[in-house]
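Report on the structure given below.
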Amino acid sequence: MSEDLFKKITSHAKEYGFIYPSSEIYDGLSAVYDYGPNGVLLKNNIKQYWWKAMVQLHENIVGIDAAIFMHPTVWKASGHTDAFNDPLIDNKDSKKRYRADQLVEEHLAKIEAKIDKEIRKARKRFGDAFDEAKFRAEHPRVQKYIAQIDEISRKLNDALARNDLPALKALIDELEIADPVSGTRNWTDVKQFNLMFQTQLGAVAGSAQHLYLRPETAQGIFVNFNNVLKTARVKIPFGIAQIGKAFRNEIIARQFIFRMREFEQMEMQFFVRPGTEMQWYETWKEKRMHWHRSLGFAADYYRFKDHEQLAHYANAATDIEFRFPFGFKELEGIHSRTDFDLRRHEEFSGRKMRYFDPETRENYIPYVIETSIGLDRMFLAVLSAAYTEEKLDDGSERTVLRIPAVLAPVQVAVLPLVKKDGLPEKAREIFDRLKWDYQVQYDEKDAIGRRYRRQDAIGTPYALTVDHQTLDDGTVTLRDRDSMHQERIPAAEIPHILQQRFNLKAWLG
Ligand code: ATP
């Protein structure tokens, strides 16, 4: 996995109409991106796949779509006005800005890399007899590195937990961390930087009310708790799901759509009886991992990473991390949020945010398990796991996106072998029949081999080719993107075959 692969994915995404830099004719806008014709199809399919898994398949989960603007007191109650900060630091020579905690984390990653190097060397030397666990536990240099990592992590977590900015700066000085651009250690002090974008409501100067673009979708769910409870006939345990835009003025955003300033979240808040939250936390960890794995990428793309340092509202938290081309990073967060948000909204609004259980006659503020995944990050995960360059038997090469069929932007391509002899008309007939149920692309330009490559490059899982035999016996060839295997099937069976391949139950069941 390399930077190189990441660059290739980024340029492929642009070349094939998945993702463009925003306002590109004006040289783009940092960390803001637009989705192109294939991108919007893939993105919508990911949304659908999530929505169906969460809402349609759970009787006790309903959806909402709350506004991006919310009353400013929401963000006081949620803690964002005071605490949604990142520690930033500037290098006085390069004038570049960094997240202070990430500088330390990058330093830690370098020590990790040294350990990996020792292990690789030893494995080469000892071959099959190599025992990694024993080596880690006994090798003096590795032991020294591990001790360093522990010590630095402890200091970092401690400084973050206490919000101690001078301690964070002292740690950067102590580790002699240099700016990767200027190479100097000429740093400013560490400052807190609030990540919320501010705007204002109302046109009259002076009377304008300051608003924020929401930094997460979750609060739209919490403030609607009573509305949903009254109108949706739900009983605890139940969930509220939402897909929507969120905005964060990220200090550094240099990883394509991994970290954006405007992005989309798919969140679900599951309301449970206090005391049962750990059991539901485990259930949702399992369900969400099942959803990811249902797409068919290898198991070693995913891992759980429990949080050592819990947010002020959480009593348990884990991330589902994905192996991106630049390493394992958070894709989805699963948090047990206690009753923090509802309780705070009760305090700030003066309205009761409670559930009355008609059976036990208890009245309580529910506890919440949250699952929160970035749609754009999921898009990047799919794209990077799908991107494959292959050498074929005949010596040629192809680039293929092995996007899970259920998410593919174009599901079927319909291709007449040649642009004459009545083949285009026959192919159009098939196209017209299928377009009601599938995203189909008709293509008659260029040699058939080039058309297959074009479909491979955008991840179309199936291609139907109409040739002269079709006119004689009504059969077509069905080509599979991944195996490139072709089989002849009666045209009349196409709807049935496609129905089986795209069947949601077969994917998610
Ligand atoms: P990170 O540590 O990467 O900044 P976070 O822990 O702040 O993420 P959460 O607040 O838990 O993220 O948000 C839930 C999900 O929203 C994340 O798992 C991620 O997929 C997505 N997300 C968060 N920030 C961004 C961003 N700037 N761009 C794209 N997706 C994001």
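The values are calculated or read from the model by the stated rules, or taken from the named source; none is laboratory data. Quick caveat: nothing in here was measured; it's all calculated off a predicted structure. Note: ideal-geometry Cβ built from the backbone for every residue, glycine included; neighbour counts use all protein chains shown. Surface accessibility is based on the protein's heavy atoms, side chains included, excluding ligands, DNA and RNA. Shrake-Rupley method; radii C 1.70, N 1.55, O 1.52, S 1.80 Å.
Scanning segment 28-85 for residues that are more than 30 Å from GLU347 (Cα to Cα) and either of a type in the set (Lys, Arg) or touching an Asp or Glu at 6+ places or on another chain (Cβ under 7 Å) (or both) gives ALA31, VAL32, LYS43, LYS47, LYS52. Can you name the condition, by its number, that MET260 falls short on among (1) near the ligand (Cβ under 10 Å from one of its atoms); (2) more than 17 Å from the chain's Cα centre (by Cα)? Every condition holds for MET260 apart from (2).
In the set GLU277, GLU250, only one residue is open to solvent by less than 40 Å² (accessible area, probe 1.4 Å) and away from the ligand (no atom under 15 Å from the Cβ); that residue is GLU277. Any residue at all in segment 62-74 that's among the hydroxyl-bearing types (Ser, Thr, Tyr) and farther than 28 Å from THR388 by Cα? Yes, some residue in segment 62-74 is among the hydroxyl-bearing types (Ser, Thr, Tyr) and farther than 28 Å from THR388 by Cα. When LYS426, LYS445 are checked against the criterion of being in contact (Cβ under 8 Å) with a residue 40 or more places away in the chain, in contact with a helix residue (DSSP H, G or I) (Cβ under 8 Å, 6 or more places away or on another chain) and not assigned by TED's automatic domain parsing to the domain that holds GLU397, LYS426 stands alone in meeting it.
In segment 264-274, is there at least one residue being within 11 Å of the ligand (Cβ to nearest atom), open to solvent by 50 Å² or more (accessible area, probe 1.4 Å) and outside any loop (DSSP other than H, G, I, E, B)? No, because not a single residue in segment 264-274 is within 11 Å of the ligand (Cβ to nearest atom), open to solvent by 50 Å² or more (accessible area, probe 1.4 Å) and outside any loop (DSSP other than H, G, I, E, B). Would you check if ALA137 is among the aliphatic types (A, V, I, L, M), within 16 Å of the ligand (Cβ to nearest atom), outside any loop (DSSP other than H, G, I, E, B) and over 30 Å from PRO358 (Cβ atoms)? The answer is no for ALA137. Per this entry, ALA386 is not counted among residues that are modelled with pLDDT of 95 or more, small (Gly, Ala, Ser) and surrounded by 21 or more Cβ atoms within 10 Å (Cβ to Cβ).
Among the strands (runs of 3 or more DSSP E) confined to segment 289-383, the ones with at least 1 residues that are within 16 Å of the ligand (Cβ to nearest atom) and surrounded by 14 or more Cβ atoms within 10 Å (Cβ to Cβ) are located at 302-306, 316-324, 327-338, 367-374. ILE236 meets each of the listed conditions (1) without any contact (Cβ under 8 Å) to a residue 24 or more places away in the chain; (2) over 27 Å from PHE84 (Cα atoms) apart from (1).
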